[in-house]
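The values are calculated or read from the model by the stated rules, or taken from the named source; none is laboratory data. For clarity, every value in this text was computed on a predicted model and none was experimentally measured. Because the Cβ atoms are built from the backbone with ideal geometry, glycine has one as well, and the counts that use them run over all protein chains shown. Ligands, DNA and RNA are excluded from the accessible area calculation, which covers all protein heavy atoms including side chains. Shrake-Rupley method; radii C 1.70, N 1.55, O 1.52, S 1.80 Å.
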Amino acid sequence: MVLLGFLLVIVTAVFLFMMIHPVFGKKPSKQEVNTYETIKNYNDGVFTNQIETVMTTDLRSMLPVLKEFLSGNPNRQPKKAIPINLFQLPEEANQETRVTWFGHSALLIEMDGKRILIDPMFGSAPSPVPWFGNKRYSKELPFKIEELPQVDLVVLSHDHYDHLDYETIKQLKHKVKNFAVPLGVAGHLKRWGVEPDRIKECNWWDEIQFSGISLVCSPARHFSGRSISDRNSTLWCSWIIQGKDSNIYFSGDSGYGPHFKEIGKRYGPFDLTLMECGQYHEKWAAIHMMPEETVQAHLDVSGKVMLPIHWGAFTLSLHDWTDPVERAVNAAILSNVQICTPQIGETVTLGSEFLSSSTWWRENKNR
């Protein structure tokens with residue numbers, strides 16, 4: 001009886017924590033859900049992918065994954081903090097198009113005098129309880145959030161913790177003019193103190209304008225949710241970002257699928273693709289591409305230069321931490337794809353004759 005009582009207290013505490021703590025965000029209201037009922041990619045109370053997307057989570061399927069996890073791969077994360085380039089954003093935004101990668105899927109795009117942050121997860125760990133999560137490889141960011149000047153736009157791909165971070169939004173929200181998010185994600189931001197008139201929600205293929213920058217919310221093959229009761233209650237997406245002279249594609253999180261060719265036909269070619277290549281496993285290939293598929297997706301959307309993302313910051317899968325970029329580089333070479341591999345905090349200028357192709361991670365692999 002004592003044990004049962006203790007378990008009941010624990011379960012109750014967890015439930016209350018998930019109900020009360022703002023880190024879990026807010027599910028769409030009934031009124032919002034009613035507006036979703038009329039759209040093609042929303043069925044039976046949840047958002048859906050364009051094609052069947054099965055995630056094998058039954059016990060029988062997951063036992064081999066659990067065994068692999070318990071085997072204790074020592075190379076899943078670097079042995080020491082990885083190096084970063086210290087980054088300082090100038091007060092005046094650049095007219096030329098520049099991209100800076102901050103690890104995982106967090107990026108800054110400077111385009112036509114505007115600053116755009118993509119999936120700015122700047123927390124220490126991708127978890128609702130950061131002290132229990134896998135810590136950031138670099139230990140530190142290449143900048144301090146409080147030192148960032150004003151940002152014109154924050155673009156979010158979905159609401160998972162490694163892309164949408166509560167503490168980051170709390171620190172950033174006073175510096176950001178506008179937010180562009182997929183359907184349902186606005187509820188999280190509103191709960192965290194972002195005014196509704198600064199948020200624009202989009203469904204797939206919606207086109208919006210922000211101060212001369214064109215954005216297209218495009219499909220991805222993934223899922224969403226921040227707690228045990230909100231699976232697929234919000235939408236996930238990729239983004240097309242178009243300026244006067246530059247066309248960029250950001251894949252978000254996605255399994256490989258026919259949407260890449262559709263995006264390429266509608267909006268390609270792209271000067272630069274920011275393509276997910278890490279945190280994959282054969283058991284969840286429907287929602288996260290293998291690195292070789294990353295290169296094929298780049299070709300499908302008609303990309304010129306590919307910058308691999310979704311690696312280099314956190315351990316969320318079972319592969320060696322350097323496997324994603326190594327496999328992506330090898331696949332790019334075989335397919336004659338130009339690949340750009342900047343260090344965290346290093347800025348890349350589109351159209352430059354020199355685009356970083358260093359193998360900086362190899363120096364840290366065995367340290």
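Computed from the alpha carbon atoms alone, the convex hull of region 209-268 holds 92 Å³ per residue. Between the beta carbons of residue 281 and residue 228, assuming R0 = 35 Å, the FRET efficiency works out to 0.95 to the nearest 0.05. Ordered by 1.4 Å accessible area with all protein chains kept, 263, 199 run largest first as 199, 263. Starting from a Cα-only point model with no solvent, please compute log10 I(q)/I(0) by Debye for region 146-288 at q = 0.11, 0.20 1/Å. Listed by q, the Debye log ratios stand at -0.42, -1.33.
Legend: distances between Cα atoms for 27/175; 79/173; 139/173; 30/139; pairs beyond 32 Å are 79/173; 30/139. Of the beta bridges DSSP finds with both residues in region 190-332, what % are antiparallel, to the nearest 5? Antiparallel bridges: around 60 percent, rounded to the nearest 5. Among the protein heavy atoms of region 291-367, carbon and sulfur supply 45% of the accessible surface, probe 1.4 Å, non-protein parts ignored. With Cα atoms as the point set, the radius of gyration and Dmax of region 303-367 evaluate to 12.3, 36 Å.
Counting only whole DSSP H helices of the chain, the ones at least 20 Å long by C-alpha along their axis and with mean Kyte-Doolittle hydropathy no lower than 0.0 are 2-20.
Kirkwood hydrodynamic radius (Cα pairs, Å) of region 258-367? Roughly 14.4 Å, rounded to one decimal. By DSSP, the beta bridges lying fully in the chain are antiparallel in about 55 percent of cases. For region 157-219, place one equal point scatterer on every Cα, skip the solvent, and apply the Debye formula. What is log10 of I(q)/I(0) at q = 0.13, 0.24, 0.28 Å⁻¹? Summing over Cα pairs of region 157-219 leads to -0.34, -1.12, -1.34.
The residues 80, 200, 173, sorted by heavy-atom accessible surface at 1.4 Å with ligands and nucleic acids left out, run 80, 200, 173 from largest to smallest. Pairs exceeding 26 Å between alpha-carbon atoms, taken from 261/304; 144/177; 190/244; 40/200: 190/244. Per residue, the chain exposes 46 Å² of solvent-accessible protein surface, assessed with a 1.4 angstrom probe and all protein chains in place.
Label zone of residue 333 (point 7 Å out along Cα→Cβ, amide N under 14 Å): in region 346-362 this covers 357-360, 362.
So what J values fall out for region 215-225 if you push phi through Karplus, 6.51 cos²θ - 1.76 cosθ + 1.60 with θ = phi - 60°, rounded to Hz, Gly and Pro as x? So the Karplus estimates, Gly and Pro as x, are 10, 10, 7, 10, x, 9, 10, 7, 7, 8, x Hz.
Once you divide the Cα radius of gyration of region 33-130 by 2.2 N^0.38 Å, the number left is 1.65. Using Cβ point charges alone (K and R +1, D and E -1), the dipole size of region 130-193 about the Cα centre works out to roughly 140 debye.
Spin-label model, residue 43/residue 85: points 7 Å from Cα along the beta carbon direction are separated by 4.5 nm. Its alpha carbons considered, region 81-215 gives a radius of gyration followed by a Dmax of 14.6, 42 Å. Our note on the geometry: Cα centres of region 229-287 and region 94-130, 16 Å apart. The candidate values were [x] 55, 17, 17; [y] 30, 25, 22; [z] 36, 22, 20; the one computed from these coordinates for semi-axes √(5λ) of the Cα gyration tensor in Å carries the label [y].
Could you check the spin-label model distance between residue 198 and residue 167? Points 7 Å from the Cα along Cα→Cβ, value in nm. That separation, rounded to one decimal, is 2.1 nm. Centre-to-centre separation between the Cα atoms of region 132-181 and those of region 318-340: 27 Å.
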